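As structure tokens, the structure follows; a few thoughts come after it.
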Amino acid sequence: SSEEAMSVATATQGLKDALLEVRIAATVFASKPSDEQIQALEAARGRAATHAQEIAKSRWSKDAASLAEQIEGIGTAFATLKAAQEQIGFVDTAGLRGKLRMAIIQLNGAMGMLSFTEPGRLANAALQVLQNHEKDFRLDPDPKYLARFEVAADLVRKQIDDIGGEEPAKKIAMEFIGVYSDSMVKYAAALVEAKAHLADIGAPVWRGYAH
């Protein structure tokens, strides 16, 4: 009937709108994770499920089971993205972001004790370049910035090694440059993983109903 056709058309548009909200919430969450975005995505997924059920009741529905499964898959995919973001850290004091922050604080403290000689001053200057590459990568996670970071980290290690003597601060600085560099590499890998999970959210159902 025309009434049923109108109902299906309304539900289909509602599903499209809900899917768009899911994609927006997931994209925002991937860059700025928060409990608010989790709630927004879950609410949009709930609306998508409701509209999918309405479509499934119609005589035109040929893939009701598949559609319901795909909507359910949004929740599973988002849970994986959420786990990846929790590893990264919702804020600068948590997860890998927190480890990065703590490592650079400790490294700067150790390097400050080595800044009274020319080799020490060179090492500190190299450290500033290293931190700039970290900031560049956090603003724009392009692999080129990670590559520059790794090259700069090797230079800092060399500059520290060139500092004469066996000062405790030198040993501590070498230890913390290792922690800092390792945390950065893990942070970068986690970002790549999160981006891959973001692409998975609602992809099958999005391709079928987003246009």
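Structure above, values below:
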{"quantity": "On Cα atoms only, tilt of 2-31 relative to the major axis of the chain in degrees", "calculated": "0 degrees"}
{"quantity": "Expected 222 nm ellipticity per residue - DSSP helices of 4 or more, -39500 (n - 2.57), all of the chain, to 500", "calculated": "-29500 deg cm²/dmol"}
{"quantity": "Whole-angstrom gap from the range 92-144 to the range 40-56, using each part's C-alpha centre", "calculated": "45 Å"}
{"quantity": "Protein accessible area in the chain, 1.4 Å probe - carbon and sulfur %", "calculated": "57 percent"}
{"quantity": "Cα-based helix-to-principal-axis angle, 143-162 vs the chain, degrees rounded to 10", "calculated": "20 degrees"}
{"quantity": "The chain - percent relative contact order, Cα under 8 Å, separation 6 or more", "calculated": "27 percent"}
{"quantity": "Between helix 95-112 and the chain: long-axis angle, C-alpha atoms, 0 to 90°, nearest 10", "calculated": "10 degrees"}
{"quantity": "Listed candidates [x] 1, 7, 13, 14, 11, 9, 8, 7, 6, 6, 5, 4, 3, 2, 1, 1, 0, 0; [y] 1, 8, 16, 18, 19, 14, 10, 7, 5, 2, 1, 0; [z] 1, 6, 11, 11, 10, 9, 8, 7, 7, 6, 5, 4, 4, 3, 2, 2, 2, 1, 1, 1, 0, 0, 0, 0 - label of the one calculated as P(r) over Cα pairs in 5 Å bins from 0, in percent", "calculated": "[x]"}
{"quantity": "Filter on Lys82/Lys144; Lys57/Lys195; Lys32/Lys144 - keep pairs with C-alpha separation over 29 Å", "calculated": "Lys57/Lys195"}
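The values are calculated or read from the model by the stated rules, or taken from the named source; none is laboratory data. The structure presented is a predicted model; accordingly, all values stated were derived computationally and were not measured. Surface accessibility is based on the protein's heavy atoms, side chains included, excluding ligands, DNA and RNA. Shrake-Rupley method; radii C 1.70, N 1.55, O 1.52, S 1.80 Å.
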